[in-house]
Each structure stands twice: as C-alpha cells, then as structure tokens.
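In what follows, a structure is listed as structure tokens, so that the remarks can point back to it.
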Amino acid sequence: MRILNASGCLDALAAPEVARELDAFVTKTVTPLPREGSAPPRIAETAHGMLNAIGLANPGREHFLAEHLPRLSRLGVPIWVSVGGFTAADYAETCAGLGRSGIEAIEVNLSCPNVEEAADAAAAIVAACRRATALPLYAKLSAAHPDVAEVARAVAAAGADGLSLINTLRATALDEQLRPVLARGSGGLSGPALKPIALHAVSVCHEATGLPIVGMGGIQSGRDALEFAACGARDVALGTVLFADPGAPARVRTELAAAYVDAGVANPDDARSLAKSPETERKVTA
Ligand SMILES: Cc1cc2nc3c(=O)[nH]c(=O)nc-3n(C[C@H](O)[C@H](O)[C@H](O)COP(=O)(O)O)c2cc1C
C-alpha cells in the first residue's frame, strides 16, 4: 500500500523533506487561470475535523507548468498532478499540456466549483481527459452525491484508471456570536469526521468498479490506513493530519505494518474479506 498526500494538504516545495517520505506527491489542484482563492478567514477548527474554504487558490496552468512542475520533478518523488476547471475543455487542455512532463498520473478533481457532480457530467469530463492524455487518470469524487457508486461506474466507463476517494464535504461552523467562522460562510469538512463516510464510499466504489482506489478522509494512523485497505483501497492519502504532524507519512507506514500483525491479516485481500459488509454480501449473493 502506497502512502500519498491528499491534494492541497502539502506544499512540497516548502517542505521537500515531508514530500520525500511519500510514495508519490499529489499537487494542489491546478486550474487554467490563476486563482487567488476565498477571502480570509479560510480555515476553521471543529470538534472532529477542520473546515477550509481555500477556494482552489493556485498559480494557474501556465505558471505551474513553467515554474512549479520542473522544481517538483527534481524532488525525486513520483508526481501526480491534480487537475481542475469549470468545463470539460478546461480539464482536457491541462491534461494535454501534461503529456511529456514525466509525471506519474493525473488526478481529475471532479469536486471543483461550478462542476456538477452528476454522474453524466463527471463522465463527460473524464472522457474529455481520456481523449487528451495517455497518462493514468484517477477520478477524485466527493461523497456528496447520493449514490457515489453510480458516479464511480460512470467515470470508469468513461476511461478512468482509478479513483481517489473522498474529497471534503460542505459544512458550516459558527463562532461564539453565532456567525459563520469562515468568510465564505461554508467550507469543506476534512479530518476524522470524514472517515466513516470515506470508508463506505471506498467500499461501494470498489464493489462497483474494481478500480484501484486511493482512499482518504481522516486518516491519522496506520490502523486507519488498514481500515481503508479492508474496504478496498489499494493506496491511501494523508491530508489534514499533515498540518498537525508532518512526520505522519513515516509514522503511518510503520504503524501500518504493526496494524496488519495486530489484526492477524497478511495482506489487503485478507483484510478485505474480513470487512465485507452485510450490505455487500447481500448484493453478491442476490
Ligand atoms: C486545506 C485543504 C486544501 C485542499 N485542497 C484540495 C485541492 O486543491 N484539491 C482537491 O482535490 N482536494 C483538496 N482538499 C481535499 C483533500 O485532498 C482530501 O480529499 C480531504 O481533505 C480528505 O482527507 P483528510 O480528511 O485526510 O484531510 C483540500 C483539503 C484541505 C484540508
């Protein structure tokens, strides 16, 4: 099981020593034009997670390709580029521009502002990216859709090679005076509160597609990573935990080895058989 960072949760150029502990580094989502992002405050603590309204702040495609990507490539870590946009053409043009850049994979962030999370809209974006590049495409989905497995099936049919699950969920936090803490009013919830939702999404999308999955959402320990493996994730990504513990990649890797022993399982497939939910069993036997 490889350990990656979750997009937007690590600046590899500012903290190269953390990035070098990963099996692959995933960039912050790159959009065609530069984005300043939302007004501050953009981060809020909650009881079991964190809210962010960064608003996809990024330097834009041209600057990323000319300035950031060459420096990232020199880190010696495989690079995944997270691609975002407002239309399928936005996504496809960025994918086309990454053709000979030496990156390992593209993560297609399907939870961008103005991008519909409907299965057919997500599939249209993935199909446009598929036509634009031969690089492996991982579709990153949110669990906000009432049937995430349906979206997973649609993007698989459109040519996705893998899935990244899950993105943040829209949420609000209030201050003492009952006003929203974030300037935008709401933001994306990440951290431990997401884990049960993410485990379910990984489980149903694994059953629905059999595609390789990068599982994420509240992973803090090796035991958490093992639970994602048990639900069908091939790899995991660390997000919010990196803000509090930049040493998390090495720590989680060590803990994961111990967690396998503690759980009495030898590999992810054994873990998966233990975790098959009654819901899944019913579907399999129906
Ligand atoms: C500050 C912050 C910025 C993020 N930026 C992005 C982004 O640019 N693109 C993206 O696909 N996901 C982004 N995410 C979502 C994470 O990649 C991840 O899907 C989510 O936080 C769940 O994992 P976690 O609970 O381990 O943080 C961001 C999350 C946080 C907390």
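Laid out as a table, the results:
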item: Value of [θ]222 nm, deg cm²/dmol, for the chain, DSSP H segments ≥ 4, -39500 (n - 2.57) each, nearest 500; result: -10500 deg cm²/dmol
item: The range 1-154 - share of DSSP beta bridges that are antiparallel (%, nearest 5); result: 30
item: The chain - share of DSSP beta bridges that are antiparallel (%, nearest 5); result: 35
item: Among Ala144, Ala225, Ala14, residue whose mean-square fluctuation peaks in a GNM of the chain (springs only between Cα atoms under 10 Å); result: Ala14
item: Hull volume in cubic angstrom per residue (convex hull over the Cα atoms of the range 133-242); result: 125
item: Rounded FRET efficiency, nearest 0.05, which uses the C-beta distance separating Ser273 from Ile54 and R0 of 41 Å; result: 0.60
item: Amide H contacts under 5 Å for Leu238, placed H, 5+ residues apart; result: Leu4, Asn5, Ala6
item: Nearest-20 debye value, the chain charge dipole, Cβ charges on Lys, Arg, Asp, Glu; result: 320
item: Pair-distance profile P(r), taking every C-alpha pair of the range 3-285, with 5 angstrom steps and integer %; result: 1, 6, 13, 16, 19, 18, 14, 8, 4, 1, 0
item: Charge dipole magnitude, Cβ of K and R +1, D and E -1 - the range 80-163, Cα centre, debye nearest 20; result: 260
item: Top positive-direction residue, dipole computed over the chain with Cβ charges, set Ala119, Met216, Phe64; result: Phe64
item: Tail beyond 18 Å, pair distance distribution of the range 129-185 (Cα, percent); result: 51
item: Formal net charge of residues neighbouring Glu150 (Cβ-Cβ distance under 13 Å; K, R +1; D, E -1); result: -3
item: Spin-label model distance (nm) - Arg131 vs Arg74, 7 Å beyond Cα toward Cβ; result: 3.8
item: Longest to shortest principal axis, alpha-carbon extents of the range 24-164, angstrom; result: 40, 38, 25
item: Amide H partners (placed H, <5 Å) of Lys28, local residues excluded; result: Gly8
item: Farthest positive-ward along the range 151-211 dipole, Cα basis, beta-carbon charges - from Cys205, Leu165, Leu182; result: Leu182
item: DSSP-loop GluC sites (Glu not before Pro) across the range 134-207, with at most 13 other Cβ within 10 angstrom; result: Glu176
item: Mean-position separation - Cα centroids, the range 98-154 and the range 1-32, in angstrom; result: 19
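Throughout, read-outs are computed from the coordinates displayed, never taken from laboratory work. Please read these numbers as outputs of a predicted model, since none were measured by experiment. With ideal geometry, Cβ positions are generated from the backbone for all residues, glycine too; neighbour counts draw on all protein chains shown.
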